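Peer 1: Please read through the structure below; I'll follow up with questions.
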Amino acid sequence: MKCPFCNHEESKVTDSRNTIDANAIRRRRECLSCQRRFTTFETLDLTIQVKKRDGTFEDFQTEKLVRGIAAACRHTRVSHDQVVALANSITKELIERQIRDIKTSDLGKLVMERLKATDMVAYVRFACVYKRFKDVEDIMDVIESATKKGEAVK
Ligand SMILES: [Zn+2]
């Protein structure tokens, strides 16, 4: 990346911010020669594939993740803003870890990790769908183990 002021070839990144909605990374750079600062935008190649249970693939979409999490969080204290932030943080993690494909079950685990820390009711609901609990007993096990750890269950 050439410096726009002096054309020097080398610069260092001083700050990078992912703006997931725009599928771009904004980087603040500092020229190693003239020390002037400039901003670059790098477009992400967001072709992450989600491998479904039946073995087929589909494009990963943050929007779809938002819908899935929102469904689990209905009638809980989790706000829509929190749902969007959660989905964005998962998208960011996939990009940063340079993941090209992920199984729905693994994607579900990433969601559950975060929901567990956010809202227990939403967590259990989401877990029901993703873990496909066999019966009510399994769901009770999750609630019970969570209660034992001292976490509030509404
Ligand atoms: Zn320069």
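Peer 1: Give the number of residues within region 85-112 that are assigned to a helix (DSSP H, G or I) and within 11 Å of residue 50 (Cβ to Cβ).
Peer 2: So the answer is 6.
Peer 1: Being aromatic (Phe, Trp, Tyr), in a loop (DSSP other than H, G, I, E, B) and either touching a residue at least 12 places away in the same chain (Cβ under 8 Å) or within 16 Å of the ligand (Cβ to nearest atom) (or both) is the requirement here; does residue 5 meet it?
Peer 2: Spelling it out, residue 5 is indeed aromatic (Phe, Trp, Tyr), in a loop (DSSP other than H, G, I, E, B) and either touching a residue at least 12 places away in the same chain (Cβ under 8 Å) or within 16 Å of the ligand (Cβ to nearest atom) (or both).
Peer 1: Counting only residues that are within 16 Å of the ligand (Cβ to nearest atom), give me the strands (runs of 3 or more DSSP E) lying completely in region 33-84 with at least 3 of them.
Peer 2: So the answer is 37-43.
Peer 1: A further question on this structure: Could you count how many residues in region 30-82 are within 30 Å of residue 12 (Cβ to Cβ), at pLDDT below 85 and touching an Asp or Glu at 6+ places or on another chain (Cβ under 8 Å)?
Peer 2: Residues that pass the stated criteria total 1.
Peer 1: Out of curiosity, is residue 27 away from the ligand (no atom under 15 Å from the Cβ), within 29 Å of the chain's Cα centre (by Cα) and either more than 25 Å from residue 63 (Cα to Cα) or at pLDDT 80 or above (or both)?
Peer 2: Spelling it out, residue 27 is indeed away from the ligand (no atom under 15 Å from the Cβ), within 29 Å of the chain's Cα centre (by Cα) and either more than 25 Å from residue 63 (Cα to Cα) or at pLDDT 80 or above (or both).
The values are calculated or read from the model by the stated rules, or taken from the named source; none is laboratory data. In this text, all values refer to a predicted model and were calculated from it rather than measured experimentally. With ideal geometry, Cβ positions are generated from the backbone for all residues, glycine too; neighbour counts draw on all protein chains shown.
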